[in-house]
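Written below as structure tokens is the structure these notes are about.
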């Protein structure tokens, strides 16, 4: 049944050339192969194969990631496993940042600190395609074409559904967005950040718009909902981050459903019981997030190895806690022994872009029980609708904040 949920959510988002040689040339000493340019190689084969790619990535020694919260779609496990398996240091800049921050980092950060890989909303990928390198992972054919660049400059990675997340014991139990206007929720409601720069927050506006009877072509009603929430004091403008929740700055957040498993587990350790619910008046599934390798990545081999890892499909491999020593093993042996990134996303509650292909191969793992299945028929805003919403929010969201 859990696999059926994953597949249902997917439906909702809809030969070497050998030159002729003379006898004289064939008897000559073999020439060394040309060195690989890892900044431009566009496939694993072009990068020299997995063993060569792992060696090059280990020589670089570091990978710069950006805006990847550890509890988001199980990225913490992915980063820990990658580091343990290959011995490559991971730098995760600004985990609670936005898609806009990631694009800005590509363009303005010092070369040594530029990101090697980004995970952004689809409009940020399509509108900045020139910033990314063409690279097709081994399993590229299993990535749906609808939300991916044909040259591999950017590729869909996973998706989720907007949910309410809150602690037990509130004066009332939140079940809908319309109900959040109740005075009982004064000073409690927050979203992930600025919807003009953060994809999750943009989708939260679409969810509020849906709950208010609006259509995806025009998010005016969603903006009006937030404006009213700010006016009556229920909406607080602090980002809905774990740190702000722990400080008491907000109680109820709009978030992706795949953030629920980690939040529930982490809060339980602190003695706080957290619960999630899909709003009864807003079933909204986002377009997939997008992965891309910046063309100016400072660690291009590590970037390509990480990309292959996150799109790998192994459903029975080792995780960080169980991975034995990799000393003396080849790069390909290590890579083939660890859990694939697609199923790491599944274990975090996200729906990976290869879900349909994985299911057909019998390689799709079950999501956590705490990830709530969609109710009814979820809506997914199109890319053009998202761009229109961002344009409107650019002028209207500051008015919401000043209300």
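Just so it is clear, none of the values below were taken in a lab; they were calculated from the coordinates. Not measured: the values here are computed from a predicted model. Quick reminder, even Gly has a Cβ in these numbers, built from the backbone with ideal geometry, and neighbours come from all protein chains shown.
How do the peptides 230-238, 325-333 rank, highest first, by the average count of neighbouring beta carbon atoms within 10 Å per residue?
Values: 230-238: 16.8, 325-333: 12.6.
Order by mean packing, descending: 230-238, 325-333.
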Taking the highest mean first, how do the peptides 302-310, 359-367 order by number of other beta carbon atoms within 10 angstrom per residue? 302-310, 359-367
So for each of 253-262, 127-136 I average, over its residues, the number of other beta carbons within 10 Å; can you give me the resulting order with the highest mean first? 253-262, 127-136
Once both label points are put 7 Å beyond Cα along the C-beta direction, the residue 246-residue 91 separation in nm becomes 2.4
Calculated [θ] (222 nm, deg cm²/dmol) that DSSP helices of n ≥ 4 give over the chain, each run adding -39,500 (n - 2.57): -10500 deg cm²/dmol
